[in-house]
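Since the structure comes first, as structure tokens, the remarks are kept for the end.
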Amino acid sequence: MRKFESKYGYFDEAAREYVITTWHTPRPWVNVMCPGDWGVILSQTGGGYSWRGHASLNAVTRWSQDIVRDNWGKYVYIRDDRSGEVWSTSWMPTRRRTDSYRVRHGMGYSVIESETAGIASSLSVTAPPGEPLEVWLVELANRGHDERELSLFSFFEWCLGASPDWHREFHRTFIETSLEPALATMWARKRLWEIPDDAGRPWNRSWDYTAFHASSLAPEGFEGDKEAFLGMYGDMTKPAAVERGFLSNSSGKWTDAIGSIHVKVKIPPGESRRVSFVLGAVLEGHEQEARALISKYRDPLEAEMAQKRAARFWAQLLAPYQVNTPDDAFNLMSNTWLPYQAISGRMWGRTGYYQSGGAYGFRDQLQDSQIFLPLDPSHTAEQITLHAAHQYVDGHVDHWWHPISETGGGGLYSDDLLWLPVVTISYLKETEDFGLLDMEVPYRDGEPESVWKHCLRAVDLSLLRRSERGLPLILGGDWNDGLSAVGTAGRGESVWLAEFLCAILPDLAHIARRRGETGVADRYEHSCRRLAQAVNTYGWSDGSRDDNRDGWYIRATCDDGMMIGAPSCKYGRIFLNAQVWAILSGIAGGRAWRVWDAVVKHLSKECGPVLLSPAYGEPDEKIGYLSRYAPGARENGGRYTHAAAWAVIAAVMMGDASEAWRMYEAICPVRCGLSPDTYKAEPYVTAGNAAGPDSHAYCEGGWTWYTGSATWLFRVGSEWLLGVRPEWDGLRIDPCIPAHWDGFSMRRVFRGATYEITVLNPEHVSRGVAKMTLDGLDVGGALLPALRDGKTHRVEVVLG
């Protein structure tokens, strides 16, 4: 059944696919397929790239970002050997008119289906779990009355290292290709890698891998030279080699290296033929592993099974958490697309189409790892210890670091280090695995200490970095990277960071008391009170030029004391995070409703809650690059989806169910996608941002896939709208749902037991638990105990 159909596509809920019905979407609509190590991105036109372990440092194929043309990818050309007619299995690169065209993006695979010149073609691209390669399965069906003789030519450009390799004339001189016709394989190596060698010397290390490209059929020929394939000044729509119908078998050290294999098929009328190709990379010296994989996938049946294994892998990973609500859009995002995006795109792939990445952001992947908590929290624990190992002894951290090279940097952001205790708290509430706190993890520059000590060092350093007024120093920026000039002299203050600390410190004090460390608990509780007092004394601003009843928390102060986010400001009069986190931390107290009214009045827009208002209309050297964005773009008055998700939590905490759901629906990509020519971005994954009202492209989405908003929107839906959230003593059930809902159900694994939760809403209220039973027995409240027995338990909740 088609759901949420637009003129560009629809959801197939049963297949867990998004089906695109035209190549001509408003922006590239892509799939990020990464089950852990090998990754591939594929757009609906056939664009994209492949990598192993790191999309920027260890790219296997070349790609250059061009969202408008989307003309870099890996392609399969088709040539009719009788007529000489040429087209491709994807719309790019030949851009031929097709009789039909469809793209199915699923979990771990994508399929491009089209019909041209009487030949129906299907190109399935799969990233199989646990194998360092991708598998292409081409199926061709003859719809006509005559036998067809066809040639297939694969094509891509080798990168083999850092991407983009903008100085190609330099880099191509280090790539070497070789041919093994008996195995239907082309091999590729590179004698230079941009990563320093073991002695720290740059430009003195070979690429650690051997790449390979192979086909299931015996090749008619190979091509390793771009000029020989395209022809000098050649055109990707009609490459010279494809036009003439054969390849030159060029390879070696002196070409501009590409990968191309030519195979031929004959197809009688009404019949079909299948051909498989593989593209992968193994560690140098492990070529036998590659040979085994090549041999395995020479059987097209194995290539077909690869897609099924990939789909099964993702389905099993996501199975512990499933919901069924009256809102189909909510179900689609919660059950499939949000966790798939967060894991495949952000955790394992760490890249996208709007940003080619590969690094670990200290704050980024820690937050993203919370997606695993209701699925497999061991992955969250692994992320906590990985990030702890990249902390320095004094408590500070790099903003990001690169796996493989282990180089880091990115500036001094005041909040990064605090996400280690934040995510540790979330993990402990989910699992009650307090043993993690005693795990010894080395510092980046020192000997091992417990995870608990790592957390304390992060918090203690943050508490030391305070102004004379007791507010935290913002330094080179806090969560909002764009406030990059506010505190570089070491005097600017962050009101938001004080609120953030106030949200963390009570939980850390709870853990400390549990551990018998009453001195630590007392100190953190005292610090929390002092921070709250400082925020409410120095961080509140009353009145405005046009309405003296307005009042809200300012966002920050600059090094010279100038306020940011005050009612008196020309631009950026009010910032979302400073209001939302005053509510989330509880320090707003009696001002909470004034704060929330200000959010709804000034920041809640058609596109969702915007990050600030009004947008900066000119650069401000005291603020930083945030003010240099176009008005309404990204952090400058746009809807920054990550922060917008936090606003939904604040709405729930304020008991404003109607605004909570209005905000959620404004953010939800399924809903946004119903206006596809306005929104433009993919309707099946979150956009990092949508243009705000000061932009001429109001409500246009962008920066999809590689955004931390996927995990947060998932948590917002599960823990705050449906209201099933872990606490220290159990699983709280406190839904905040539309009053017209009759109820919902959820399967939720928690501390070793599975809970089948049914929520009934006979009185059609938005919230309020009247009764809850566990296996038929009245619980006497809204907190489920952690049974830890490995069994499945029935929970019935009645609202009223």
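Structural descriptor for region 151-247: relative contact order 21 percent, calculated from alpha carbon pairs under 8 angstrom and at least 6 residues apart.
What share of all Cα pairs of region 1-66, in percent, falls into each consecutive 10 Å distance bin? Here the calculated profile for region 1-66 is 19, 41, 28, 11, 0. Less than 5 angstrom separates the built amide H of Arg515 from none of the residues sequence-distant by 5 or more or on a different chain.
Computed from Cα positions, the angle between helix 451-464 and the longest principal axis of the chain comes to roughly 60 degrees. What do you get for chymotrypsin sites (Phe, Trp or Tyr not before Pro) in region 217-263 restricted to DSSP loop and a cutoff of at most 16 other Cβ within 10 Å of the site's Cβ? Passing sites in region 217-263 are Tyr233, Phe246, Trp254. In plain terms, the chain from His286 to Lys264 could stretch by 4.9 nm, reckoned as 0.36 nm per residue minus the Cα-Cα distance. Residues in the chain average 35 Å² of solvent-accessible surface per residue, probe 1.4 Å, ligands and nucleic acids excluded. Annotation for region 529-596: trypsin sites (Lys or Arg not before Pro) lying in DSSP loop with at most 14 further Cβ atoms inside 10 Å of their Cβ are Arg545, Arg549, Lys570.
Label point of Asp789 set 7 angstrom out along Cα-Cβ; within region 744-763, amide nitrogens under 14 Å from it belong to 752-756.
Applying 1/(1 + (r/R0)^6) with r as the Cβ-Cβ distance of His167 and Val68 and R0 = 25 angstrom yields a FRET efficiency of 0.60.
Packing around the peptides 769-782, 728-741, taken as the average count of other Cβ atoms within 10 Å per residue, puts them in this order, highest first: 728-741, 769-782.
The C-alpha atoms of the chain define a longest principal axis, and helix 495-514 lies at about 80 degrees to it.
Just flag the GluC sites (Glu not before Pro) in region 395-456 sitting in loop per DSSP whose Cβ has no more than 11 other Cβ atoms within 10 Å.
Here the sparse-neighbourhood loop sites are Glu406.
Couplings 3J(HN,Hα) of region 139-145, computed from phi: 10, 10, 10, 8, 8, x, 10 Hz, in residue order, whole Hz [Karplus 6.51 cos²θ - 1.76 cosθ + 1.60, θ = phi - 60°; x for Gly and Pro].
Per-residue Karplus couplings for region 683-689, computed as 6.51 cos²θ - 1.76 cosθ + 1.60 with θ equal to phi - 60°, are listed in order as x, 10, 9, 6, 8, x, 7 Hz, Gly and Pro entered as x. Estimated at 0.36 nm per residue, the fully extended path between Asp376 and Ser83 surpasses their Cα-Cα distance by 100.0 nm. What is the helix-to-structure angle for 419-431, meaning the angle in degrees between its Cα long axis and the longest Cα principal axis of the chain, kept from 0 to 90 and rounded to the nearest 10? Once rounded, the angle reads 90 degrees. Take 80-87, 158-165 and order them by the average number of nearby Cβ atoms within 10 Å per residue, most first; the result is 158-165, 80-87.
The values are calculated or read from the model by the stated rules, or taken from the named source; none is laboratory data. On a predicted model such as this, the values are computed, not experimentally measured, just so you know. Every residue, glycine among them, receives a Cβ derived from its backbone with ideal geometry; neighbour counts consider all protein chains shown. Accessible surface areas use protein heavy atoms only, side chains included; no ligands, DNA or RNA. Shrake-Rupley method; radii C 1.70, N 1.55, O 1.52, S 1.80 Å.
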